[in-house]
Amino acid sequence: MLSILLFPFAFLFGLVTRIRNLLYDIGWKKSYSFEPAVISVGNLNVGGSGKTPMIEYLVNLLKDKYSLAILSRGYGRITRGYLLAEMHDDATTIGDEPFQYYRKYGNQLSVVVCESRAEGITKLMKRKPDVQVILLDDAFQHRAVKPLFSVLLTDFSKPFFKDHLLPQGRLRESRRGSSRADALVVTKCFNLSNEVESKFKLDMQSYAGPMPVFFSGVKYNAPKALEGEKQLGKDVVLVTGIANSKPIEDFVSLNFNLTQHFQFKDHHQYSMEDIKSIQRAAKVTTSILTTEKDLVKLIAPSMNGILNKKLWFYLPIETIFLNRGSEFDKLITMKIEDHLKSLSIQNQK
């Protein structure tokens, strides 16, 4: 009944997004191209589809070959406009995901936040003219920038071809918008049969058209202590503030004794009272496990003196391809190589 009541609003939302896309398609709204190879990672629906692990996958693929930068909106930060991440920044100034990137790769690449991706790239290139590749985080709907290659993600448990437009469903635009992608990646997969993969591929390509389709999963690495080299105990309190916490909850339940799960909304800003409540729930023999995304907010200077680092651990994750991962890698690297070679020839003229 609720879905039926929301249909008129979804219809209006779809009409607005179709008009917006049409204006870009016919050139009434301008899309800008840039000298660096711009690789976009995004999705059609709101919520988590594994964009952060995919960005990190691309970083690990490309960082030893090219001068890299990551550009994100910086959701949830207290600042506005363009910012190039520096030593004094934290999750409050640049956002949780950008700070996670900076904390892991800050000495190997540039991390930039800006609501306008076109403005962000323009200002970045003035500061860092040697950047060769820019990874756009969550930018599929940011059509003011024309990417060299666009990777569209969809969660296996919530595929875009079964979803509906906001507010009836979770789609930011029509399913047909998937046709703008250069590759589709189904995320959070586990032990899929050939028949399931083939069916998924056909369902997606019925909207996106013929394009490469890949299937990926999440690998949970060994938990790491926030302080020292301790091992995670058997009894665990889990703390998450992400869009979909079910996979990590299932993993922890399978491998540890999950005593309690403090589940917050995505991009939750932790308060001192939150930390106190969580630490009270953890007994002396109980460890507290959280995600990398949540960790970057928990280590903020404002938490000094409150956070008992001896109790806390975080769980690193990474994207893995179920098959044909080398084909995906080759698609990306060849596109970048061809672009840079073309650019070099133009500059010599």
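The values are calculated or read from the model by the stated rules, or taken from the named source; none is laboratory data. None of these values were measured; they are calculated from a predicted model. Neighbour counts run over all protein chains shown; Cβ positions are idealised from the backbone, glycine included. Heads up: the accessible areas ignore ligands, DNA and RNA and are worked out on the full protein's heavy atoms, side chains in. Shrake-Rupley method; radii C 1.70, N 1.55, O 1.52, S 1.80 Å.
Here is how the numbers come out for the structure above:
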read-out: Selected residue (criterion: most open to solvent (accessible area, probe 1.4 Å)) from residues of region 11-56 that are of a type in the set (A, V, I, L, M, F, W, C), free of Cβ contacts under 8 Å to residues at least 24 places away in the same chain and not in a helix (DSSP H, G or I); value: W28
read-out: Breaking point among (1) in contact with an Asp or Glu (Cβ under 6 Å, 6 or more places away or on another chain); (2) open to solvent by less than 20 Å² (accessible area, probe 1.4 Å), for V213; value: (1)
read-out: Selection within region 180-205 - of a type in the set (G, A, S), touching a strand residue (DSSP E or B) at 6+ places or on another chain (Cβ under 9 Å) and part of a loop (DSSP other than H, G, I, E, B); value: A181
read-out: All positions within region 206-221 that are assigned to a loop (DSSP other than H, G, I, E, B) and in contact (Cβ under 8 Å) with a residue 60 or more places away in the chain; value: P212, N221
read-out: Total residues in region 266-296, condition open to solvent by less than 50 Å² (accessible area, probe 1.4 Å), over 23 Å from Q100 (Cα atoms) and in contact (Cβ under 8 Å) with a residue 40 or more places away in the chain; value: 3
read-out: Some residue of region 250-260 being open to solvent by less than 50 Å² (accessible area, probe 1.4 Å) and either polar (S, T, N, Q) or in contact with a Ser or Thr (Cβ under 8 Å, 6 or more places away or on another chain) (or both); value: no
read-out: Those residues of region 216-234 which are more than 23 Å from D329 (Cβ to Cβ) and open to solvent by less than 50 Å² (accessible area, probe 1.4 Å), in sequence order; value: P223, A225, L226, L232, G233
read-out: Residue within region 181-195 that is closer than 20 Å to Y32 by Cβ and under 21 Å from the mean Cα position of the chain (by Cα) present; value: yes
